[in-house]
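Engineer: What follows is a single structure, and I will ask about it in a moment.
The values are calculated or read from the model by the stated rules, or taken from the named source; none is laboratory data. None of the values given here were measured: they were computed from a predicted structure. Cβ placement follows ideal geometry from the backbone for every residue including glycine, while neighbour counts extend to all protein chains displayed. With ligands, DNA and RNA removed, areas are computed over all heavy atoms of the protein, side chains included. Shrake-Rupley method; radii C 1.70, N 1.55, O 1.52, S 1.80 Å.
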Amino acid sequence: MVLKLYGTSEAGSGTSIVALVLAEKQIPFEHIAVDLGAQEQKTPEFLAMHPFGQVPVIDDDGFILYESRAICRYLAEKYADQGTQLLPKTLEGRALVEQAASVELANFNPVLVRAGKEVFRQRRRNVPDRTLIAEVMAGLEAKLDVYEVILGKHNFLAGDEFTLADLFHLSYVVWIELSGIDVMTSRGPNVKRWWTELVSRPEWVKMVAEGIKGTVN
Ligand SMILES: N[C@@H](CCC(=O)N[C@@H](CS)C(=O)NCC(=O)O)C(=O)O
């Protein structure tokens, strides 16, 4: 049975980082759009898959998994020898990926989620709190100055190769950039180089342009 990905249809969401792993790994999948506005994620059927009532969720031949980063790790491990290599083979290499992924989850993601929600309000024709967005983004600048140092030592966050730790950073930034706020390229040259490379990955460019599309639907 083909893998099912339940989630939103736009690049920038947690669903889209899972969709990017699926694309990078060349894993066929069906995308099942969940209408968050209609609260489809809170129906009893959906809650049976994801007790917190959120997306993304995958159904891999009856194996149900939620939390975008857990799903990405699962897919990268299961399809280790297929498509783009997203995890190093050595213990130390994996540990460095986990280090960078923990930094993303602790420092980067919370800031982006707060600002991203505000931007999303704007897209739903509510008035976004621009002061809040500016405050939140200022918090991110200090973190990006540390990224600048890290990325001065190697090409990507966990070494010289692109890994899941880099890919995880792609959620939410797109939404903020769509509102005209330059998040990633106005700091140092190393962050700019790294970011430009991430957002130029062909599968990501395609998803931003076309939305999330399954390969069998
Ligand atoms: N940590 C979770 C976050 C999931 C999350 O916040 N999903 C949002 C969409 S990006 C959602 O389902 N929102 C609707 C809701 O919470 O009811 C993950 O990475 O999967």
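Engineer: Leaving out ligands and nucleic acids, note down the accessible area per residue over the chain with a 1.4 angstrom probe, in whole Å².
Structural biologist: So the chain comes to 49 Å² accessible per residue, rounded to a whole number.
Engineer: Next question. Determine the percent antiparallel among the DSSP beta bridges restricted to the chain, to the nearest 5.
Structural biologist: DSSP beta bridges in the chain are roughly 60 percent antiparallel.
Engineer: Considering only Cα-Cα distances, which of the following residue pairs are longer than 27 Å: K117/K153; K153/K213; K25/K143; K25/K206; K42/K213; K89/K153?
Structural biologist: Violating the 27 Å Cα-Cα cut-off are K117/K153; K153/K213; K25/K143.
Engineer: With +1 on each Lys and Arg Cβ and -1 on each Asp and Glu Cβ, and nothing else charged, work out how big the dipole of the stretch 91-201 is about its Cα centre, in Debye to the nearest 20.
Structural biologist: Roughly 560 debye, rounded to the nearest 20.
Engineer: Considering Cα pairs under 8 angstrom that are at least six residues apart, work out the relative contact order of the chain and quote it in whole percent.
Structural biologist: Result for the chain is 27 percent.
Engineer: A follow-up question, please. With θ set to phi - 60° and the Karplus curve 6.51 cos²θ - 1.76 cosθ + 1.60, what are the ³J(HN,Hα) couplings of the stretch 5-14 in order, to the nearest whole Hz, using x for Gly and Pro?
Structural biologist: Each residue of the stretch 5-14 in turn: 10, 8, x, 6, 10, 9, 5, x, 7, x Hz.
Engineer: Compute, for the chain, the length of the dipole vector about the Cα centre, with Cβ point charges of +1 (Lys, Arg) and -1 (Asp, Glu) only. Units Debye, rounded to 20.
Structural biologist: Taking the Cα centre of the chain as origin, the dipole is about 420 debye.
Engineer: Then there is this: Could you check how much of the accessible area of the chain is carbon and sulfur, as a whole percent, using a 1.4 Å probe?
Structural biologist: Carbon and sulfur atoms account for 55 percent of the accessible area of the chain.
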